Amino acid sequence: MKNEVANIQPQPKDTFYVDTFRPQDAEGIVRLFRAVYGEGYPIRLFYDQEAIIAANREGRYISVVARTNAGEVVGVTHLYPSAPNMALYEVGVGLVLKEYRNSGASKAMLSYLFDEFVPRNSNIEELFGESVCNHIIMQKSMELFRHIETAIEVALMPAEAYTTEKSARGRVAALDGFRCYVPKPHKIFMPPVYNGILREIYARLDDEREILLSSGSLPSSRQTSAELTIFDFARLARIAVTRAGYDLAARILEMEEQARAKNVIVFQVWLNLTEPWVGRAAETLRENGYFLGGALPRWFDGDALLMQKTECDPDFDSIILYSDFSKKLLRFIRDDRRV
Ligand SMILES: CC(C)(COP(=O)(O)OP(=O)(O)OC[C@H]1O[C@@H](n2cnc3c(N)ncnc32)[C@H](O)[C@@H]1OP(=O)(O)O)[C@@H](O)C(=O)NCCC(=O)NCCS
C-alpha cells in the first residue's frame, strides 16, 4: 500500500488540467484517497476502482478530476445526490495530492463543476456543500462560487477521518452552503424562536420564498412520517421528518433509542419548513435537547429546518470559520444549545 502511494511520484506543480471522469482515472482516485486519508476514509467505495467506475456510470457519484499530462490523477471532487430531493446535489469528497496543494487544483475543479458542468445538466436544480471547519480552505471558495451559508452541523465527522494528515483533534463541524440553479419559489413557515436568524439566512438566499410565521399545534389526526438513517463510522443519526404529526416526540425518542443502541452520539433531525406547524415541531425537539442547525433549501423539494443534538462535547472553540455571517450563525447556535 505504501508503495502504491509512493509510485505516484508527481513532479510538484507539474501542469494539470480538469476533466470529467474516465474509467482509467479510477486507479488514480484510489491512490489519491490512500495518499490523503490512509485507510481511514469512511466512504469505502473510494478504495475500490470497479465501484468508482460503476458509481460514475450510474450517476451515484460524478467525479471531476485534475489530471497531469501524463494521466496521473492529482485531485478529484464529486457531485452526488445525497438528500431526499434527487434534484439537489451535494458537492464534496474533494481532495488534492499534497504535492499539488495551493496551486489552484481545487479551485479549478470547482470552477469547472459550478460554471460549466452543472449549467449543462438541467436535472441538477440546486447544489450544496458541507465545508469542513477544521480549516478554512474550502470555506474561502464559498463566496467566489456563490454558495450561501445556511447551516452549521456541529461535531459531524469523527477525528479519525483526519488522522493521516493530523488535521483535527476532535470531531469536525461542517458549514453548509447552497447555490440555486433552477429557482423554486415556495411558501415556508418560520418557527417563532428562530424567526430572526432564519430571516437573516433567507435574506441572503439566491432564490425566492414566501415567508410566514409558523403557528398552531401538531395535527391531532395525523401520524408522523419519519425515517432514520445511521452512519456507523461517524456515530451519527439523521432523522428525516417529512410530516410531523401528534406522535412526533414519541417517534423521535424511539428512533434515538435505536440509534443509541448502535453507539450514535450525534443526532440530526430534518423538519419540513413547508408545514405551518413546524414551529411546534421545533419546540418539541428543543424540549428534548435539540438546538438549531440552520436551513436546508430544497431539501425535501421544499425547504427543511436542521435541528441537532450531541451527546458528546461539540467543542465550539475549535470550529474554524471564515465568513462573518457563518460566525454570527455559530454564535446563535451555541446560545441556542445553552438554553
Ligand atoms: C482542501 C483542498 C482540497 C484544497 O485543495 P488545493 O488545490 O490546495 O486548493 P487551491 O489551491 O485551489 O486553493 C483554494 C483556496 O484555498 C487557499 N489555500 C490552499 N491551501 C491553504 C492552506 N494550507 N491554508 C490556507 N489557505 C489555503 C488558497 O490560497 C486558495 O485561496 P484563494 O481563493 O484566496 O486564492 C486540499 O487542501 C486537500 O485535499 N485537503 C485535505 C482534504 C480536505 O480537507 N478536503 C475538504 C473536504 S470539505
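The values are calculated or read from the model by the stated rules, or taken from the named source; none is laboratory data. No experiment lies behind these values; they were computed from the predicted model shown. Cβ sites come from the backbone with ideal geometry, for glycine too, and all protein chains shown count toward neighbours. To get the accessible areas, we keep the full protein, side chains included, count just its heavy atoms, and leave off ligands, DNA and RNA. Shrake-Rupley method; radii C 1.70, N 1.55, O 1.52, S 1.80 Å.
For the range 281-292, which residues satisfy the criterion of being open to solvent by 10 Å² or more (accessible area, probe 1.4 Å) and either of a type outside the set (D, E, K, R) or in a loop (DSSP other than H, G, I, E, B) (or both)?
Thr284, Glu287, Asn288, Gly289
Open to solvent by 10 Å² or more (accessible area, probe 1.4 Å), in contact (Cβ under 8 Å) with a residue 60 or more places away in the chain and not in a loop (DSSP other than H, G, I, E, B), is that true of Thr242?
yes
For Val91, indicate whether it is open to solvent by less than 40 Å² (accessible area, probe 1.4 Å), touching a Leu at 6+ places or on another chain (Cβ under 6 Å) and either outside the structural domain of Gly38 (by TED's automatic domain parsing) or more than 9 Å from the ligand (Cβ to nearest atom) (or both).
Against the criterion (open to solvent by less than 40 Å² (accessible area, probe 1.4 Å), touching a Leu at 6+ places or on another chain (Cβ under 6 Å) and either outside the structural domain of Gly38 (by TED's automatic domain parsing) or more than 9 Å from the ligand (Cβ to nearest atom) (or both)), Val91 qualifies.
Any idea how many residues of the range 179-208 are in contact with a helix residue (DSSP H, G or I) (Cβ under 6 Å, 6 or more places away or on another chain) and closer than 12 Å to Leu273 by Cβ?
The qualifying residues number 3.
Return yes or no: is Val132 more than 12 Å from the ligand (Cβ to nearest atom) and either open to solvent by less than 30 Å² (accessible area, probe 1.4 Å) or closer than 28 Å to Phe291 by Cβ (or both)?
no
For every residue, the table says whether it meets (1) in a loop (DSSP other than H, G, I, E, B); (2) crowded, with 19+ Cβ neighbours inside 10 Å; (3) touching a residue at least 24 places away in the same chain (Cβ under 8 Å).
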residue: Gly216; (1), (2), (3): yes, no, yes
residue: Leu228; (1), (2), (3): no, no, yes
residue: Tyr246; (1), (2), (3): yes, no, yes
residue: Ile252; (1), (2), (3): no, yes, yes
residue: Glu257; (1), (2), (3): no, no, no
residue: Gln268; (1), (2), (3): no, yes, yes
residue: Gly279; (1), (2), (3): no, yes, yes
residue: Gly294; (1), (2), (3): no, yes, yes
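What's the total number of residues in the range 99-129 that are touching a helix residue (DSSP H, G or I) at 6+ places or on another chain (Cβ under 7 Å) and more than 6 Å from the ligand (Cβ to nearest atom)?
The qualifying residues number 3.
Tell me yes or no: at least one residue of the range 44-53 is β-branched (Val, Ile, Thr), closer than 27 Å to Asp232 by Cα, outside any loop (DSSP other than H, G, I, E, B) and open to solvent by less than 10 Å² (accessible area, probe 1.4 Å).
Yes: the range 44-53 contains one or more residues that are β-branched (Val, Ile, Thr), closer than 27 Å to Asp232 by Cα, outside any loop (DSSP other than H, G, I, E, B) and open to solvent by less than 10 Å² (accessible area, probe 1.4 Å).
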